[in-house]
Amino acid sequence: MSLTTHSGSSTSPRSADSESLGAAFARRRSQHPLIFFVARRLVALVFLCLGVTFMAFVLTHLVPADVAAANLGVHQGSNPVAVRLYNERYGLDKPLPVQYEVYLAHLLHGDLGVSEQSGRPVGDDLAAAIPATAELAITSMILALPIGITLGVVAALRRNRLTDQVLRVLSLAGMSTPQFWLALVALYFFFYLLGWVPGSGRLDAAYPAPPHVTGLFTIDSLLAGQLDIFANAVHHLVLPAAVLAAFNIGLFTRFTRSAVLEVLKNDYVRTARAKGLPEWIIIPRHVLRAAGPPVLTIVGLAFGNVMTGTVLVENIFSWPGIGQYSYASATTLDLPSIVGVMLFFAIVYIVLNLSVDILHGVIDPRLQVT
Amino acid sequence: MSAAGRLVGLGVRGFRRTPVAWQNPLAVVGIAVAGAWLLVALFAPVIAPHDPLAPTAALYQAPSWAHPFGTDDVGRDVLSRVLWGARVSIPLALLLVGLAYTIGCTLGGLAGYLGGWVDELIMRGADLFFAVPQILLAMAVVGALGPGLFHAVLAVVVVSWPGPARVVRGLVRTTMQSDFVAVARLVGAPTSRALTVEVLPNVAGPVTVLAALDMGNAILLLSALSFLGLGARPPDAEWGSMVSTGAQHFESWWMGMFPGLAIVSVVLAFNLIGDSLRDTFDPTTTVTPLGK
Amino acid sequence: MTGLLSVRNLRVWLDRSDGPLTIVDGISFDVAAGHVFGLAGESGSGKTITALALLGLLPEGANVEGTAKLDGHDLLAMPPAQRRRTRGRVIGMVFQDPMSSLHPMLTIELQLTEHIRYQLGFSKKDARRRAIELLTEVRIPDPEAALRGYPHQFSGGMRQRIQIAMGLACEPKLLVADEPTTALDVTVQAGILRLLRRLCLEKNLAVILITHDLGVLSALADTITVMYAGRVVEFGPTEEVIAQSRHPYTRGLLDSLPHPEAADRPLVPIAGEPAGPDSRPAGCAFHPRCRYAIDTCRVEAPLLIEVNPSHAMACPVDPLVASRP
């Protein structure tokens, strides 16, 4: 995606000589293209975050919902005094623009506000939930990428044969299965009937969480040398991660297939064959290398799928991550939490796209900025 | 293109060993399944063997000849509820995709056609929606409006328009810059004519493909909201909320299994259609599906 | 001259629902070591497919028949694995467009050494040394630096030199060059042609040079074989084919070239479109475009007639004798 190009004039010193600001900017830019590229994206990030907070405010105020009633419960919600006190306390009695202004002022100081459901700062809530979701999301990507890419290559090489058609149906089925249903089916078989995996949570109750370093239990337990905790964490992780991976395996298979077919048309593949190289060298080295950029592009999209999936899967597997947190926030109209979660996702999105673009440059020498 | 390249290109069309029957049977399957569900949606009151809503004494019955999909926690026939569920999901998905595409195509067309600050405003707005997972936005909207099927549909429309908008904008821009539009203008054809004759046909094809693929996504998102209790709610015969009820009765696996299979079959049918359309339209281009 | 490659009755066709589609229609020729064998013809004449058939790189679904003996071994009868090993090792290939034929994302070093290492089992270090040797041989300045580069960093002529180096890396006996200069500037062309000539002599290499440009062949080839619509219409030593061409098609090709000694003579293009594989007329495929065509040409496909022991052509009308109608 292309984000707004905001002029970075603030970073460009106004020189005393006759050189214009624009020329100075252009000169700087040609000296440090990568820095400028990243800087431009970071400026875009700030604007996007601003936009997201604004959007969240507008969306959640589409209808003047009775936040106080939602949070105070039936009993207190009918008590006018309690409602008024609640509204005053959270500034809800003021007009929306004022509320937004107040929120932005706090945000500038790194204050995301206080969650109405947990009564704790939203920042703390997020810090607690993010590692759980990160562990789940990363594991599911680690599962989905190699499987999807392999299947996509196989489908492309067997184009229009039976194998390709079977893989087409399977990959589309992966993208057509509701994640909440797949999670339940998986639980039914592997937890309820077979008892192979635990049904919920990140660790058995008998195990303490490993000492906090990254917040990812698998990594922290390894760092602490607690192999039993590591094994237990993996045991808990496998099923939800696999369920989350299903959609993306389908997505990667479809995209890898078309990317590989596209590459196979190129003359340089014929050149590689003319050199007498076997397919087991040609496919990974010549074909997959060239198919890398288009496949990489959809990794960003795939992370979006994982994030959508976490909302459903975390609720089903009682996984204490962002997905569960955002569900709770949305249903209780916990505005500070909703905006905080959206900000988090927007930042992940931008950083991910930025990394994808930088990786493009690493993979493809034609794009190198130096 | 080299002589060899041309011949290889000829080869792709000319000497495929695979029987032609393999090329599109899946699209046929997709159309057949989607068509069958449309019929079910139309005729559910006639073909459903039992009342989808009225409780009976036959609780938690496993699938049998009397109740092929079993009965649920209040004794309703799951098959009848699944059939009636088509009346909820399919028309709503059509409505929703229609609305989202009307909004999206209009905004995207305006952005691509007018350019300038209108383009900036609309597309930067669309960027915001891409940055946040659809379901999260939809949950926030339903949270604000209050749970309910109608609100869930609105929420999905609100979060779905940026996809088609971005695609249409891109298509309009490339078509506008193409030589044949320049030629049309040169010979004095009015702009509106250039739009309808040159731009529209170039946009309609890809948008159809995307809409077919998005039908599946719309059904998935809507059922997910119902599953979370934000859309349709019990006792409505809606697939997502039926799965949700089934989740509380693992020993009666049929309660959640069959509505889920219904979702899979409808969505897969639309995806098969969209996928084949994509291949037919242009086997070389890759259209990004819009689901997030 | 000693034959290195001997092709007999090579036929390539595709199975279509409406019957076989012949692309190369039973051609025969011999290629000698240390000689440049020129294969000429317009696009669609089957010359590139002939080359791909020799390499075993025909597109999927193409059928091939006949024999192609290289050093006595029939390439077309080899099992696939052995066939693959002849590619690059015994037969080197240079393709038309050096930009698209080189992998844009791999270093020159990798592309130049990977088959040396795979085919000849060289160590990484030895293969690198060999690559520097090759780049020096094809006159690439600063080979060490060139190895670290990527194709897009080189000019068209340099890229073609790199491709030639790749083709020669495993010291093949035969180098097939398909339109190696077509994508290049005229000034660069001459350098590439001189390079091919020199390599051919120095290494006793047999070269099949495929081109539509008889001008290129007249400068470089020892013998010329002219193809039209999948058949050989004339072959012979270069001087004879150029100076005393006997087939109307060869003459047509020559007349459409600018002539160095008669610069003011108008260029005469051959009328009509070349006959593609799916639009070949009966009889002599060239007859609709031929100004000498007589009635038999429309029904009977002409056989090759010997002009002298080294020169033959397939036309019942001798344009040197026949007058214009």
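No lab work stands behind these numbers, since they all come straight from the coordinates. What you see is a predicted model; the values in this text were computed from it and never measured. Using ideal geometry, Cβ is built from the backbone for each residue, glycine included, and neighbour counts are taken over all protein chains shown.
Positive end of the dipole of chain B (Cβ unit charges, origin at the Cα centre): among B:Thr245, B:Leu154, B:Ala44, the Cα lying farthest that way belongs to B:Leu154. About its Cα centre, the dipole of the protein assembly as shown is roughly 1640 debye, where the only charges are +1 on Lys and Arg Cβ and -1 on Asp and Glu Cβ. Taking B:Val264, B:Val158, B:Val167 in turn, the Gaussian network model of chain B (Cα-Cα springs below 10 Å) assigns the largest fluctuation to B:Val264.
Once the convex hull of all Cα atoms in the range C:143-272 is built, its volume per residue stands at 147 Å³. Structure note, pairs A:Lys275/C:Lys69; A:Lys275/C:Lys203; C:Lys69/C:Lys124; A:Lys275/C:Lys125; C:Lys47/C:Lys125; A:Lys265/C:Lys69: Cα-Cα distances above 27 angstrom occur for C:Lys69/C:Lys124; C:Lys47/C:Lys125; A:Lys265/C:Lys69. When +1 charges are put on Lys and Arg Cβ atoms and -1 charges on Asp and Glu Cβ atoms, the dipole computed for chain C relative to its Cα centre reaches about 920 debye. GNM on chain C, alpha-carbon springs under 10 angstrom: the most fluctuating residue among C:Lys203, C:Lys173, C:Lys47 is C:Lys203. With both labels modelled 7 Å from their Cα along Cα-to-Cβ, the B:Leu200 to C:Asp278 distance reads 3.3 nm. Across the options A:Leu187, A:Val306, A:Pro284, the greatest Cα extent toward the positive end of the charge dipole of the range A:122-352 (unit charges at beta carbon of Lys, Arg, Asp, Glu) belongs to A:Pro284. R0 = 30 Å: FRET efficiency of A:Thr163 with B:Leu38, Cβ-based, nearest 0.05? That gives a FRET efficiency of 0.40. Ordering C:Val94, B:Val172 by the number of other Cβ atoms within 10 Å of each residue's own Cβ, fewest first, gives B:Val172, C:Val94. Taking each DSSP H run with n ≥ 4 as -39500 (n - 2.57) and averaging over every residue of the protein assembly as shown yields -18500 deg cm²/dmol at 222 nm. Here is the size of the protein assembly as shown from its Cα atoms: Rg then Dmax, 34.8, 118 Å. Net charge of the neighbourhood of A:Ile281, taken over other residues with C-beta under 12 Å away and scored Lys/Arg +1, Asp/Glu -1, is +4. Computed from Cα positions, the angle between helix B:25-47 and the longest principal axis of chain B comes to roughly 40 degrees.
Separation of the range C:126-176 and the range B:36-109, taken as the distance between their Cα centroids, equals 67 angstrom. A dipole drawn for the range A:122-352 from +1 and -1 charges on Cβ atoms has a positive end, and of A:Ser258, A:Thr297, A:Pro336 the residue lying farthest that way is A:Ser258.
The residues neighbouring B:Val167, those whose beta-carbon lies less than 13 Å from its own, together hold a net charge of +3 under the Lys/Arg +1, Asp/Glu -1 convention. Counted by Cβ distance under 13 Å from A:Gly340, the other residues give a net charge of -4, where Lys and Arg count +1 and Asp and Glu count -1. Computed from the alpha carbon positions, the gyration tensor of chain B leads to an equivalent ellipsoid with semi-axes of 42, 26, 15 Å, biggest first.
Among B:Gln61, B:Gln134, B:Gln177, the residue with the largest mean-square fluctuation in a Gaussian network model of chain B, with springs joining Cα atoms closer than 10 Å, is B:Gln177. Here the Kirkwood formula, the inverse mean of 1/r across different C-alpha pairs, assigns the range A:122-352 a hydrodynamic radius of 19.3 Å. For the range A:122-352, the dipole from Cβ point charges (+1 on Lys and Arg, -1 on Asp and Glu) about the Cα centre works out to 1520 debye, to the nearest 20. Ordered from longest to shortest, the equivalent ellipsoid semi-axes for chain C are 36, 23, 17 Å, each the square root of 5 times a Cα gyration tensor eigenvalue. Computed over the range B:60-136, the alpha-carbon pair-distance distribution with 5 angstrom bins reads 3, 13, 12, 13, 11, 9, 8, 7, 7, 7, 5, 4, 1, each value a whole percent.
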